[in-house]
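As structure tokens, the structure follows; a few thoughts come after it.
Bear in mind that the values in this text are calculations on the coordinates, not laboratory data. Please read all numbers here as calculations on a predicted model, not as lab measurements. Because the Cβ atoms are built from the backbone with ideal geometry, glycine has one as well, and the counts that use them run over all protein chains shown.
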Amino acid sequence: MKNFWLDVILIVLFVAEMCFQMLPKILHEILGVAMAAAIILHVAWNWRRFTSKLKKLTRRKIFSAAIIFATAICTAIILASGVCMSNYLFPDAVSGELRRNMTIHQLHVSAPYWLMILIGVHIGLHLRELRQRLLNFFGAENFYRRNEKFFDIAAILSFSAIGVFGLIANRVADRILMKHIFATPATDLPAAIFALMIFGVIMFFALITSFVDENFVRN
């Protein structure tokens, strides 16, 4: 269960980091360090599980390992560029030239949107397991089973609507292409709605991945 709650903490930290425009800059940096520590712990706790994917390879294991590898690369880019841009926790870590480098700045802005999609796909590959853990924690498995179709349809419709809105309102396609964007309709939203939108995009990709996995890969 500790892994489950660490996963929850990681999602909360990531969503909070994506709301950087609504946070004090020093808090953004502190949360970034906390997220880095949580990622290291997550890798340590799941290392044996990851290495098991390299045994008796299947298409699903290869895809899952590729997503993990891409997530690790993307995370490393975000953390390294964040250190380069730090004004509070690591002000002397790099030269002024690197600090002013626009490519590094654009990478730090763009890479989190790639990571947002990768996290969604990663969650989607384990969504059934995560859902079961959540139901067990709240003791709601029987209640869910009695109303499974209703909850599944409600979740699909809700997260699809929020996710599509988030992709459009935050111009995610332009952001991942590293286009210069200073503001989007999403940045004018209240912090709580913006955070819900980011979570909605993650879950949108998780649901798509879970559907493909269960209907075309596992079978």
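Only Lys, Arg, Asp and Glu count, each charged at its Cβ (+1, +1, -1, -1), so figure out the dipole size of the chain about its Cα centre, rounded to 20 debye. Write down the numbers at each step before the final one.
Numbers: 22 positive and 13 negative charges, 183 e Å.
Dipole of the chain, to the nearest 20 debye: 880 debye.
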Farthest toward positive dipole pole in region 2-217 [+1 Lys/Arg, -1 Asp/Glu at C-beta], among 80, 191, 122: 122
The chain, helix-only ellipticity at 222 nm - DSSP H runs n ≥ 4, -39,500 (n - 2.57), divided by all residues, nearest 500: -25500 deg cm²/dmol
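Peptides 131-139, 172-180, 101-109: what's the order by average Cβ count within 10 Å, highest mean first?
Working: 131-139: 12.7, 172-180: 14.6, 101-109: 16.1.
Descending mean neighbour count gives 101-109, 172-180, 131-139.
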Kyte-Doolittle mean at least -0.5, axial Cα span of 30 Å or more - DSSP H helices of the chain: 25-52, 59-85, 102-125, 148-169, 191-212
The chain, Rg to Rh (Cα coordinates; Rh as Kirkwood inverse mean 1/r): 0.98
